[in-house]
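Let me begin by presenting the structure, written as C-alpha cells, before commenting on it.
Every number here is computed from the coordinates shown, using simple stated rules; none is lab data. In this text, all values refer to a predicted model and were calculated from it rather than measured experimentally. When we count neighbours, we look across all protein chains shown, and the Cβ atoms used for this are built from the backbone with ideal geometry, even at glycine.
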Amino acid sequence: MAKIISLINQKGGVGKTTSTINLATYLANEGKSVLLIDLDPQGNASSGIGIDTRNLDKSLYKAMISGEYPRDVILNINEGFDIIPSAQDLAGAGVEMIHMDNREFRLYDVLRQIRTEYDYIVIDSPPSLGLLTINGLVASDEVIIPVQTEYFALEGLSQLLETISLVKENLQPELVVKGALLTMYDRRNRLARQVVKEVQEHFPGYVFESVIPRSVRLAEAPSFGKSIMKFSAFSKGARAYRNLAREIIEIDKNRE
C-alpha cells in the first residue's frame, strides 16, 4: 500500500514543485512504483515534465469532481513514474466542492481506489491553504514542508503548522509531519546558514539531512519539460534529490 506524501507550503517560490517532480523521479529511479498528483491548478508539476495542460482529456478534475475512475486519468510518462495531471478546470474545483458532501475527502476517495498499486504517491499542493490543499492533507499520511534558506523563510510556517494540526485533530488523525526540506541553499551565504539553524530549532529532529542547493540547472530543467535526472544527471541538484529519495526510503525502512 502506497505511502502518500504531500509537499506543502502556502508561500510560493520555495522549490515545492521542483522538489515534488524530482523526489518522484528519484524514488522511481530507486526501484519504487510512484504516482505524482498535481493538485495545483497552475499545473506546474505537469508542465514541468512536458505535459501540455491546455489540451488534456485526462486530469485530476475528472476524478475529483466528475467522479471518473482514477486509473482512467493516469498518464504514463518517460520519467519513470505515473502522474494524474492538473488542468485549467481544477481552478474552479474549490468553489464547486463547497456544496459537495464530504468535500474535504474528495482526493482521499480518489487515492484509496488506487493506492495499492504504488509504493509512493507524491502530491504537489497549491501555494495556499484553501480547500484543495486541505484535500491533499486529508488524503496524505505524511507532509514534507520545503523551506527556502532565505529571508522570511519561516514566514507563514506557524499558520501552516496550525492548519496541519487542525486537519489532524478533525479530519485525518494519522497525519504526521515527515520533515522540513531545506531548499535554495547557498553555503557561501551567511544568511542561509542562519536560516538553516532557525529551521532546525523550529523542527527539532525533523529536518532532512539532504539539502537542496540553489542551482541554475534545477531552475532550467522545467522549461525543457524534464526532471533534473533527465536534464542534468550529474549536477549538484540531481545529487541532492537522489540523496533525498534514498534518505526517505531509509527512514521508512527503519520505521517499518
Original post:
Regarding the chain, what are the three Cα extents along the principal axes, ordered largest first, in Å?
Top reply: 50, 39, 35
Subject >> Selected from PHE203, PHE81, PHE231 as most flexible by GNM, with the chain as the system and alpha-carbon contacts under 10 Å >> reply: PHE203
Original post:
Dipole magnitude of the stretch 3-255 about its Cα centre, charges +1 at Lys/Arg Cβ and -1 at Asp/Glu Cβ only, in debye to the nearest 20?
Top reply: 1000 debye
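Within 10 Å of each candidate Cβ there may be at most 15 other Cβ atoms; applying that plus a DSSP loop requirement, which chymotrypsin sites (Phe, Trp or Tyr not before Pro) in the stretch 99-170 survive?
Values: sites: PHE105, TYR108, TYR118, TYR120, TYR151, PHE152; in loops: TYR118, TYR151, PHE152.
Sites meeting the loop and neighbour criteria: TYR151, PHE152.
Taking K and R as +1 and D and E as -1, what net charge do the other residues with C-beta under 12 Å from the C-beta of TYR26 add up to?
Summing Lys/Arg as +1 and Asp/Glu as -1 gives +2.
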Original post:
So what is the relative contact order of the chain, in percent, for Cα pairs below 8 Å that sit 6 or more residues apart?
Top reply: 26 percent
**OP:** Name the aspartates and glutamates eligible as straight-distance cross-link partners of LYS32: C-alpha to C-alpha under 12 Å, and not fewer than 8 places from it in the same chain.
**Re:** ASP82, GLU117, ASP119
**OP:** Using R₀ = 25 Å, calculate the FRET efficiency as 1/(1 + (r/R₀)^6) where r is the Cβ-Cβ separation of ARG255 and ASP109; round to 0.05.
**Re:** 0.45
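Beta carbons within 10 angstrom, averaged per residue: use that to sort the peptides 90-97, 185-192, highest first.
Sorting 90-97, 185-192 by mean packing, highest first, produces 90-97, 185-192.
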Original post:
Which of VAL34, VAL73, VAL14 moves most in a GNM of the chain, Cα contacts under 10 Å?
Top reply: VAL73
Original post:
For the chain, modelled as a Gaussian network with Cα springs under 10 Å, which listed residue fluctuates most, THR20, THR133, THR163?
Top reply: THR163
Subject >> Lys/Arg +1, Asp/Glu -1 at C-beta; the chain dipole; positive extreme among LEU131, ILE37, THR149 >> reply: THR149
